[in-house]
Amino acid sequence: MGRSRIPVLRETFNDAAELYDKARPSYPPALVGELARSAALGRRSRVLEIGPGTGQLTRALAGFGCHITAVELGDALAAVARRRLAGFPRVDVRTAEFERWPLPKERFDLVACATAFHWIDPAVRVEKAADALRAGGHLAVVVTHHVAGGTTEFFARAQECYERWDPATPPGLRLRPSSEILSETEEFETCPRFADVTVTRFEQDITHTADEYIDVLLTYSGHRALDCTRREGLLACIRELIDTRYGGRVTKRYLHELTVATRVAL
């Protein structure tokens with residue numbers, strides 16, 4: 001994907017804030033537990049979350065009692081997050097572009113970003129995260145992959161729908177098993193301000209009805225970027241496939257990678 005498309009695509013989520021909150025799956029409890037353990041989260045912890053969306057990870061982290069400042073680009077997404085996090089008075093959701101958001105003087109113990117780091121300008125994201133952290137603090141980045149598993153045959157058949165309705169779909173594209181997904185840690189490992197980079201992997205299978213799966217697809221930037229005719233054709237094709245061949249339900253496998261790096265004192 002060309003970098004020039006990223007500013008446009010990353011703003012498509014804001015148009016579907018309520019659907020995003022309803023449809024996007026939560027992160028595995030084991031991942032949240034490992035993140036909290038790695039960063040030693042507690043009531044005295046100060047957390048900066050980049051791109052919280054509607055607060056899927058934020059709600060889990062807030063349960064540890066820490067103070068969280070969550071910086072979200074989309075005003076509609078931020079509004080949903082504030083509503084969903086109203087029961088956590090130590091969470092402050094800001095509406096701003098992280099790249100231009102002025103960092104407070106007091107440093108954070110943890111900078112976290114879940115399934116949003118790739119939307120942040122690569123010339124800024126690691127360095128600004130380091131600027132935000134105290135020495136010994138942690139940067140935690142969660143990346144989600146769609147991998148082979150679950151209702152495997154469905155995802156192979158669904159490619160026919162994509163090849164018909166989405167001209168950008170490479171022919172014969174197939175999901176790869178988790179074992180073939182390489183962890184991308186170079187930008188953390190080559191930054192002299194971070195050390196002790198670790199990656200922990202978590203898989204989860206989620207079963208969706210046809211309606212639920214269509215809702216999930218409608219939260220993906222590539223699907224939302226399609227013109228109306230192509231998008232409706234694609235979704236109708238997928239819905240028919242689920243209903244007629246798979247009894248109205250399919251299971252999708254997600255691979256979540258948690259990368260944690262420690263801020264060093266220079």
Pick from the range 156-188 the residues that are under 21 Å from the mean Cα position of the chain (by Cα) and assigned to a helix (DSSP H, G or I): which of them is surrounded by the fewest Cβ atoms within 10 Å (Cβ to Cβ)? Ser179
Of the listed residues (Ala16, Ala36, Ala30), the one being over 25 Å from Ala76 (Cα atoms), outside any loop (DSSP other than H, G, I, E, B) and either modelled with pLDDT under 95 or touching a strand residue (DSSP E or B) at 6+ places or on another chain (Cβ under 6 Å) (or both) is Ala30
Conditions (1) within 19 Å of the chain's Cα centre (by Cα); (2) closer than 29 Å to Arg37 by Cβ; (3) crowded, with 16+ Cβ neighbours inside 10 Å; (4) not hydroxyl-bearing (Ser, Thr, Tyr): number failed by Arg193: (1)
Checking Ala123 against (1) closer than 28 Å to Arg253 by Cβ; (2) under 23 Å from the mean Cα position of the chain (by Cα); (3) loosely packed, with under 14 Cβ neighbours inside 10 Å; (4) small (Gly, Ala, Ser), which single condition isn't satisfied? (1)
Would you check which residues across the range 17-55 are among the small types (Gly, Ala, Ser), out of contact with any Phe, Trp or Tyr (no Cβ under 8 Å at 6 or more places or on another chain) and surrounded by fewer than 20 Cβ atoms within 10 Å (Cβ to Cβ) and list them? Ala23, Ser26, Gly33, Ser38, Ala40
Please work out which one of (1) at pLDDT 95 or above; (2) more than 20 Å from Gly222 (Cβ to Cβ) is the condition Gly51 fails and give its number. (2)
Mind listing just one residue for me: the one in the range 90-120 that is touching a residue at least 60 places away in the same chain (Cβ under 8 Å) and of a type in the set (Asp, Glu) and, of those, nearest to Thr259 (Cα to Cα)? Asp109
Breaking point among (1) hydrophobic (A, V, I, L, M, F, W, C); (2) within 29 Å of Lys252 (Cβ to Cβ); (3) in a strand (DSSP E or B), for Ala135: (2)
Would the range 224-244 turn up any residue that is of a type in the set (A, V, I, L, M), out of contact with any Leu (no Cβ under 6 Å at 6 or more places or on another chain) and within 30 Å of Glu34 (Cβ to Cβ)? no
Which residue out of Arg249, Arg263 is buried (at least 17 other Cβ atoms within 10 Å of the Cβ) and over 16 Å from the mean Cα position of the chain (by Cα)? Arg263
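The values are calculated or read from the model by the stated rules, or taken from the named source; none is laboratory data. Since the model is a prediction, treat every value here as computed from it, not as a measurement. Quick reminder, even Gly has a Cβ in these numbers, built from the backbone with ideal geometry, and neighbours come from all protein chains shown.
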